[in-house]
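Here's the structure, in structure tokens; my notes come after.
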Amino acid sequence: MMGQKPEILIVDDNVEWTSNLQDILQVEGYIVAIAHDGRTALSLSNEKTFDLAIVDFKLPDRTGLELIGELSRVCIQTVYIIVTGYASLHSALEAVKQKSIIAYETKPLDMKRFLNLINQVIKRGEVQKELHESEERFRNLVFNLTDLVMEIDSQGKFTYVSPQIFNIFGYTPEEALGLNAFEFVHPDDIPKCMEAMASTRQVVNLEYRSRHKDGHYVHASTSGKIVPDVHGGNSLISVLRDITEQKNVEAEKKELERRAYISSRLTSIGEMAAGIAHEINNPLTSVIGFADLLLERKDVPDDIRQSLEVIHSGSVRVAGIVRQLLAFARQDRVKKEYVNVNEIIENTLAMMAYTMKSENMEVRTHLASGLPGTMGVAGQLQQVFLNIIMNAETEMKRAHGKGKLLVETEAIDNVIRISFEDDGPGIAPETLDRIFEPFFTTRDVGEGTGLGLSICHGIITEHRGRLYVRSELGKGATFIVELPVIAVQEQVELAEAVVDEAEKVTGAKILVVDDEPGVQKFLKQVLTAGGHNVETVDNAEEAMERIKGGRYDLILTDIKMPGMSGIELYKNVQKVARSLSRRVMFMTGDVISTDTRDFLSRTKAPHIPKPFDIEKLVKDINGMLTGNRG
Ligand SMILES: Nc1ncnc2c1ncn2[C@@H]1O[C@H](COP(=O)(O)OP(=O)(O)OP(=O)(O)O)[C@@H](O)[C@H]1O
Ligand SMILES: [Mg+2]
């Protein structure tokens, strides 16, 4: 508009008057069009927008007021001056009721005054148009932002909100106006909002939660400024962005990192545990073995026998802990079968029923019917459930002498979820991450080893599942086990080797290969007692020399030894004495690497875990010698 010449339309059936007026206005610098009736005026207005129309009160085809009514519908920006030869109060009043009509003039016109009026009208129109345009621009900006723009007065009331409030908070702008902004802020976030507002007149990227109309909380990030408002007070104008999704993604990432951290931590602890177990296992084998041997003797005096029993039971207990450590370190891979989780839960609860009842524990179950199955080791899963239930029982009892436990199963998205919700004391946030660590316990000395949950974690990880806990201090704890849904598979029946009571073989020539003198000594004693002819060596290289030089019926070898390993020894034996290689028995029991495990299952080579169960050792060796490999 600026710089452009204003355009005026004259609508009057008086040809001479219109052309005179046109001349005068053109001299004044206006562009002027003429219409002698309403119809022509309408068609001209359809082609262009006039800034001003000077309309005669009485036209051949309609009244001036009628025409203005029609024109206003086409072009809203045009303003009008009505001109008439017959002034009447009535017509004047009618005219100015229409707000687009600026003035009412009677003929004959005082031309100087009239031109003045036109000038003013045009100028006012220009200003209004600019104002309108700029308003339109800002409205467009604000309406099309995805962020919410708002103005809040010093009382906290919304005095302006852009329509985005509906998308973000579910309120229409009309509903929101007059409401108090602070009423929606999450109670925990009010102090930080107050502080941000009080400390500075400018708030930058303040994050807080604000309530949606349907009750949930939206994560908002807002930037704003306190400015003087039109009423002489202060208002906060600010822009708010909905960052809920971003927050959720962040939280998810954090959770993933936390899980990765826990599992890597557990893995390294597991490796250490397995290493320690390895170191303990060998000497333990001798301790248990010799205690066993001595206990079998008839000539041991009673007082010594009692001491021996203490040594024996103590070392068996240590062996149990070592086994648990190895289970935690996931060294104990047992064949998985198709299992029914509900059934395992029911069995576990049945086992615990008496204890729970006598301790005032109310157990409720909610087991999904038709729960899909998974592959697992029922005994191990039962151990997990038992540990979790026993923990809950201990904690609830300690907190209030009774308790409620809810056990639920459900299948969600290919996952079987089993939850154990108790109303015990809950777990403090700083403890929450540590409870799965081996030896972490809050129990008194002697009341807990702190191995329970770490073993559960190992077992569930081995089952390709997840074990985690949700808890707040004072609000109970919920332990959740998730297992993958696995479709029913052809049950691969393992051909169970039938071990008949084999006849007892004696007099076999056996070579024992082990770097641990205690183990050598023990095996020599046991096997010699069994009527065999036993040689021992402490490394595989020497074993190889002996094998080349003589004939043996059986080789009993450790796997992990300095220098040549038991597996390498086996491969070498295969080369020089193939039939003997079928009578090599491995001793395992500590850290079985994946390679070793693969090797053992591939070659189906017999192996016996340390510490030894003497009866099994004797039986297995006998079986091998008679060709009845169990
Ligand atoms: N349901 C529960 N409520 C509150 N705390 C629990 C709950 N279950 C476990 N905990 C906490 O986790 C710790 C570790 O549990 P975990 O089962 O690993 O060991 P423990 O029960 O202390 O000993 P263990 O099971 O070896 O006898 C417990 O000492 C206890 O502090
Ligand atoms: Mg426990």
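Exposure proxy shown here: for Asp189, Asp598, Asp413, the number of other Cβ atoms within 10 Å sets the order, fewest to most, as Asp413, Asp598, Asp189.
Label separation (Ser307 vs Glu542): 3.2 nm, computed from points 7 Å beyond Cα along the C-beta direction. Note on Asn140/Val230: beta-carbon distance plugged into 1/(1 + (r/R0)^6) with R0 of 22 Å gives a FRET efficiency of 0.50. Inter-label distance, Glu126 to Lys504: 12.5 nm, where each label sits 7 Å from its Cα along the C-beta direction. By its C-alpha gyration tensor, with a ≥ b ≥ c as the square roots of the eigenvalues, how is region 507-630 shaped: rounded for a/c under 1.5, else prolate for a/b larger than b/c, else oblate? Judged from the Cα gyration tensor, region 507-630 comes out rounded (a/c under 1.5).
Panel order for His532, His132, His36, His186, by other beta carbons found within 10 Å of each beta carbon, from fewest to most: His132, His186, His36, His532. Straight-line cross-link reach from Lys298 at under 27 Å between alpha-carbon atoms covers these lysines, not counting any fewer than eight positions away in the same chain: Lys504, Lys521, Lys524, Lys610, Lys616, Lys619.
Remark: relative contact order (region 337-484) = 24 percent; criterion is Cα-Cα distance under 8 angstrom and separation of 6 or more residues. Treating each Cα of region 136-206 as an identical point scatterer and summing with the Debye formula, the log10 of I(q)/I(0) at q = 0.25, 0.27 Å⁻¹ comes to -1.26, -1.31. How high is the FRET efficiency from Glu410 to Ile190, r the C-beta distance, R0 56 Å, rounded to 0.05? Calculated transfer efficiency: 0.90. Phi angles across region 283-295 convert, under the Karplus curve 6.51 cos²θ - 1.76 cosθ + 1.60 with θ = phi - 60°, into 3J(HN,Hα) values of x, 5, 4, 5, 4, 5, x, 5, 4, 4, 4, 5, 5 Hz, Gly and Pro given as x.
The value obtained for region 248-321, namely the Cα convex hull volume divided by the number of residues, is 78 Å³ per residue. Under the criterion of Cα pairs below 8 Å and six or more residues apart, the relative contact order for region 145-242 equals 30 percent.
With a 10 Å Cβ neighbour count serving as the proxy for reagent exposure, in which order, fewest first, do Lys112, Lys548 appear?
The fewest-first ordering by Cβ neighbours comes to Lys112, Lys548.
In order along region 176-187, the phi-based Karplus estimate (6.51 cos²θ - 1.76 cosθ + 1.60, θ = phi - 60°) of 3J(HN,Hα) comes to 6, 4, x, 6, 8, 4, 5, 4, 8, 5, 4, x Hz; Gly and Pro are listed as x.
Computed over the chain, relative contact order equals 7 percent, with contacts defined as Cα pairs under 8 Å that lie 6+ residues apart. Shape analysis of the chain places it in the prolate category; the axes a ≥ b ≥ c from the Cα gyration tensor give an a/c of at least 1.5, with a/b above b/c.
Any read-out appearing in this document is the output of simple, stated calculations on the displayed coordinates, not a laboratory observation. Since the model is a prediction, treat every value here as computed from it, not as a measurement. Positions of Cβ are backbone-derived with ideal geometry, glycine not excepted, and every protein chain shown enters the neighbour counts.
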